[in-house]
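The values are calculated or read from the model by the stated rules, or taken from the named source; none is laboratory data. Please read these numbers as outputs of a predicted model, since none were measured by experiment. So basically every Cβ, Gly included, is an ideal-geometry build from the backbone, and we count neighbours across all protein chains shown. Side chains are part of the model used for accessible areas, which takes the heavy atoms of the whole protein and leaves out ligands, DNA and RNA. Shrake-Rupley method; radii C 1.70, N 1.55, O 1.52, S 1.80 Å.
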Amino acid sequence: MTLVARHGALSDIGLHRKTNEDTFVIAPPLYAVCDGMGGAQAGEVASSLAAETLAAAVADGRPLLAAAEEANAAVYERASGHERFAGMGTTLTAVLLEGDGGRFVHVGDSRAYLLRGGALRQVSDDHSLVGEMVRDGRLTEEEAAVHPHRSILSRALGTEASVSIDEFEVDLLAGDALLLCSDGLSGVVGADDIGSALVADDPQEAAEELVRLARVGGGPDNITALVLRIERPGDEGRDPAASPAAASSAATPPAAVEAAADQRQADGSPEAAEAAPSAAPAPRPDGTPMLGPEGAPAPGPGEAPGPGREARRLGCLVAMLAVAVVIALAGAVILSTVYFIDVDDGRLAVYSGLPVTVGPLKLHVAYRRSARPYASLAPFEQRIVDRRSLRSRSDALALAERLGMWP
Ligand code: CA
């Protein structure tokens, strides 16, 4: 017998973030949550691109795991092609209902929970540094919940050309409730409260209650809850959204359109905006003075050397000096507007300037130092640091935050 589900979902920006980098997919029988990461809109691009790619591939009949691998490739390619998106990634936790169970794919620290008979069970493993430490027995769940580096992922979608994706199946029964959520929910709302909220018969009511609890708990991050109530076909008559056909026609287009619209918007604006930082140094301040003084006093053709020659030579010298001053000033301005992240004595730091040293002359100064050791980063994060890419101050600080540099 094939089970069906009624669904409810809500994504909320939370109380402290300027953007919502979470995305969810409702395209029955496929459901997913993605939590993007990366500064300056890159997280939104990563999560919506992953969601859109996954949904399209499943709709085209690809197996779920292959669809998730396509999503990884799509995010990775976009990140590789644009410096602004370098290192962006996303979590992905998705379930495809088929037959009497759910097939899951999962990467990152978003979570899938199953509520059965009043008992709540997390069915996904957290791919985070503290998650690995809990599984190794080096930390307790309680210690992990308050660990300063709890947001550091050990695996993410889109940060590498290929990624190890967890795939597993869970048998489902009528009466079960499933929750897919981002860490902005699970990091704030305890298991007991999640279990109580999931008891609600109306999945939308449950999702809204969970988001409300996360906001009451401080809402430090984006909050996304996607709730499914599993039922036998025929039990769902009281809710028009419950039959697979109705659910498909009612929910798929808005979800798909929403993801696509987010994508286009996120796609267009950062890439268009990408021109801005690189265009900023374009009106070169040294260009005008260089042409001006040189052009004006240029000797006419066949003009004889005479008493004006010394004056012209002096004028030329002054002009060259002026050019040198302008170039030095421009250099100083550029050095104070570009930033990069590097390692000093084994610890991470944000630098202002260029990652270049010419003899005794360093073209950068430490802007903000972190106590976080380079060695504690995940391999993919070390590779991001290794590139020493130039960034705007806000991009560099966003990356620093993502790397857990300020616990
Ligand atoms: Ca998050």
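Summary table below
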{"item": "Selection status of Gly346, at pLDDT 80 or above, surrounded by 14 or more Cβ atoms within 10 Å (Cβ to Cβ) and within 17 Å of Arg388 (Cβ to Cβ)", "result": "no"}
{"item": "Residue satisfying condition, being in contact (Cβ under 8 Å) with a residue 40 or more places away in the chain and either touching a Leu at 6+ places or on another chain (Cβ under 6 Å) or among the charged types (D, E, K, R) (or both), within set Val95, Val75, Val45, Val25", "result": "Val75"}
{"item": "Number of positions in region 354-375 that are open to solvent by less than 40 Å² (accessible area, probe 1.4 Å) and within 24 Å of Ser128 (Cβ to Cβ)", "result": "2"}
{"item": "Strands (runs of 3 or more DSSP E) (entirely within region 142-241) containing at least 3 residues that are surrounded by 24 or more Cβ atoms within 10 Å (Cβ to Cβ) and more than 16 Å from the ligand (Cβ to nearest atom)", "result": "223-231"}
{"item": "Residue identified as away from the ligand (no atom under 13 Å from the Cβ) and of a type outside the set (A, V, I, L, M) among Ser48, Ser11", "result": "Ser48"}
{"item": "Members of region 380-407 that are over 17 Å from Ser151 (Cβ atoms) and open to solvent by 50 Å² or more (accessible area, probe 1.4 Å)", "result": "Arg383, Asp386, Arg387, Arg388, Leu390, Arg393, Ser394"}
{"item": "Strands (runs of 3 or more DSSP E) wholly inside region 1-106 that include at least 1 residues being within 17 Å of Ala156 (Cβ to Cβ) and open to solvent by 10 Å² or more (accessible area, probe 1.4 Å)", "result": "22-27, 30-37"}
